[in-house]
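Notes for the one structure printed next.
The values are calculated or read from the model by the stated rules, or taken from the named source; none is laboratory data. Note that the structure is predicted; figures quoted are calculated from it, not measured. When we count neighbours, we look across all protein chains shown, and the Cβ atoms used for this are built from the backbone with ideal geometry, even at glycine.
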Amino acid sequence: MKSFKWENAVGVFALLLFAVAQYMALFTAPAERHMSEVVRILFVHVPAAWIALVTFTLAFIGATGFLITGRRGLDWFVEASTEVGVVMTTLLITLGSLFAKPTWNVWWVWEPRLTSTATMLLSFVGILVLRSTVRDADRRAVFSAAATILSFVNVPIVYFSVRWWVTVHQIQSSPATVDPDMVFVLRANAFAFLFIAIWMIAKRWRIAKMRGLAETAPPLPPEVTA
Amino acid sequence: MNGIIEGQTIFVVAAYVVTWLTLGGYAASLLIRGNKRPPEDS
Amino acid sequence: MDGLFTLIVSYLRQLARQSVHVYRKDMLVEWRSPSRFLGVLFFAFALIFMVAFASNTTDVMRRQAGGSIWIGLLLASTRSLDQSFAAEMEHGALEGQVLWPVAPPAIFFGKAFANASILFVVGLVLTPFALALFDVTPRGSLLELGAFLFFGSTALAAPGTLLTAITSQARGSSVLLPLLMFPLVVPILMAAAKGTSLVLLPDVMDQSTAWLVALIVFNVIHWPLSALLFGPVVEGGTH
């Protein structure tokens, strides 16, 4: 491996951006104009939500690519982005609860977005468990790719069925009118989260690669497809 | 949305602490796992 | 253009023929020793019974009847699916089928439809008893109730069969299957339970047909997708 690792540069940049963005979110954003201080939670909640969806989308693309090409690297990528996605989604749901309690006085609402997020988290945790129980590297890769595709396709289905299911209940939504200052802070945080996620996936990919290479001592030809 | 809710700063503090701990904790686990060599069987 | 059309038709015909063979084989195994069917049936019975004990008043029970039937069928389906592949794994029978000139999607369609059939029959036997236990007289048409049972069974069986093909090759499959399957079947369970309840209880706004359509749409999504993914899953490890 080359001695210079590009993700470390990304990591340093992400850390700096994150520090600035978090400072703005906590101290300079004019939160009181809207819903008091509680609105500041959205500066971490919304980026976590966006990035969680991005990482699972990456896992889906990686899984599809793996089933078509059979490249080991894509399987490691699926493993990396799934794990980062699970971390982000867990964070997102926790932050959502912390926002819901002071605003709507409940920790949980049976609402489409919440319910489909929780279902998505369960699915992908299941895939991580699946990965840990299959020893054979080829099978593990194919199985988790298939399960990833199935789980990802399921997300919009859950979303729309719950939306239909709860039409009798009212659907909660975030404030629609957002200040331009707030938008800027939100974007800054979203980019910080994005670069953090890129660093995490790259780092996790290297771990998966290291383990994968140790697992299959005699190297397989790259054309060995699933 | 009725707007003004006061004295809920504790939730904001909790949210940011949770964020830093989660991201920091996972990043630490990545660094630790990345430095550990897998056991050599062959 | 014509040539391509004939090619597709002949492929589909072959696929259908092979699927029917696999289906017949699975049903024959079931017919010769219906232990799996009976086991699953009584498992579902026991579940319904327990749900009845767990809910305190008859009024609550009545409203829960539709959902309880589907919880019973869902949990029963995990047992049934597990066993449908346990038999295949025992003597490497699945590997044998993959090595035959049988298209993997045909194996999938045959097995999944066999699983759906067993689940549907369990549902048909279970439902009258459940209705008696929960003291419910269906308000809607029995035909529609049957349609919910049928399409609900097929919708559970398609992703269920694919996931069992996966988990049966992993360690600790009995825990893994529900873990992977439950999040996937959330919309199916929702549509089936909601629709069944609407058939059983007065359906003021006439919504049950919409849920039936939703259930059929889930079938249309899950059957081809699972069939497509089944090939790599059963062939993947056999290098």
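Annotations for the structure displayed:
- For the criterion of being at pLDDT below 85, within 21 Å of the chain's Cα centre (by Cα) and of a type in the set (Asp, Glu), C:Glu95 fails.
One line per residue, one yes/no per condition, for (1) surrounded by 15 or more Cβ atoms within 10 Å (Cβ to Cβ); (2) of a type in the set (Lys, Arg):
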residue: C:Ile8; (1), (2): no, no
residue: C:Arg13; (1), (2): no, yes
residue: C:Ser19; (1), (2): yes, no
residue: C:Ser33; (1), (2): no, no
residue: C:Ala44; (1), (2): yes, no
residue: C:Asn56; (1), (2): no, no
residue: C:Gly72; (1), (2): yes, no
residue: C:Ser77; (1), (2): yes, no
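- Note on segment A:60-91: residues that are buried (at least 21 other Cβ atoms within 10 Å of the Cβ), within 12 Å of A:Ala141 (Cα to Cα) and of a type in the set (A, V, I, L, M) amount to 3.
- Residues within segment A:137-147 that are crowded, with 19+ Cβ neighbours inside 10 Å and more than 7 Å from chain C (Cβ to nearest Cβ), tallied: 4
- Just so you know, in segment A:153-163 the residues that are buried (at least 20 other Cβ atoms within 10 Å of the Cβ) and within 7 Å of chain C (Cβ to nearest Cβ) include one that is modelled with the lowest pLDDT, and it is A:Ser161.
- All positions within segment C:159-179 that are assigned to a helix (DSSP H, G or I) and more than 10 Å from every other protein chain (Cβ to nearest Cβ): C:Gly160, C:Thr161, C:Thr164, C:Ser174
- Residues of segment C:196-212 classified as more than 11 Å from chain A (Cβ to nearest Cβ) and in a helix (DSSP H, G or I), total: 8
- C:Ser153 under 23 Å from C:Ala65 (Cβ atoms) and of a type in the set (Ser, Thr, Tyr): yes
- Failed item in (1) modelled with pLDDT of 75 or more; (2) of a type outside the set (D, E, K, R); (3) over 30 Å from A:Gly73 (Cβ atoms), with A:Leu194 passing the rest: (3)
- Evaluating A:Arg72 against the criteria (1) under 28 Å from B:Leu31 (Cβ atoms); (2) away from chain B (no Cβ under 14 Å); (3) at pLDDT 95 or above leaves one unmet condition, (3).
- Looking only at segment A:111-136, and only at residues there that are small (Gly, Ala, Ser) and at pLDDT 90 or above, the one that is surrounded by the most Cβ atoms within 10 Å (Cβ to Cβ): A:Ser123
- Listed by first and then second residue, the pairs linking a residue in segment C:197-214 that is closer than 17 Å to C:Trp70 by Cβ to a residue that is among the hydroxyl-bearing types (Ser, Thr, Tyr) and surrounded by 14 or more Cβ atoms within 10 Å (Cβ to Cβ), with Cβ atoms under 6 Å apart and 6 or more places separating them unless they lie on different chains, are C:Leu198/C:Ser208; C:Val199/C:Ser208.
- Condition met for A:Val166 (surrounded by 14 or more Cβ atoms within 10 Å (Cβ to Cβ) and modelled with pLDDT of 90 or more): no
- Every residue from segment C:164-181 that is among the hydrophobic types (A, V, I, L, M, F, W, C) and touching a residue at least 60 places away in the same chain (Cβ under 8 Å): C:Ala165, C:Ile166, C:Leu177, C:Met181
- Condition check for A:Leu150: touching a His at 6+ places or on another chain (Cβ under 9 Å) and either within 19 Å of C:Ser168 (Cα to Cα) or facing chain C (nearest Cβ under 8 Å) (or both): yes
- Number of the condition not met by C:Met61 [criteria: (1) farther than 23 Å from C:Leu184 by Cβ; (2) surrounded by fewer than 18 Cβ atoms within 10 Å (Cβ to Cβ)]: (2)
- So A:Phe27, is it crowded, with 24+ Cβ neighbours inside 10 Å and more than 10 Å from chain B (Cβ to nearest Cβ): no
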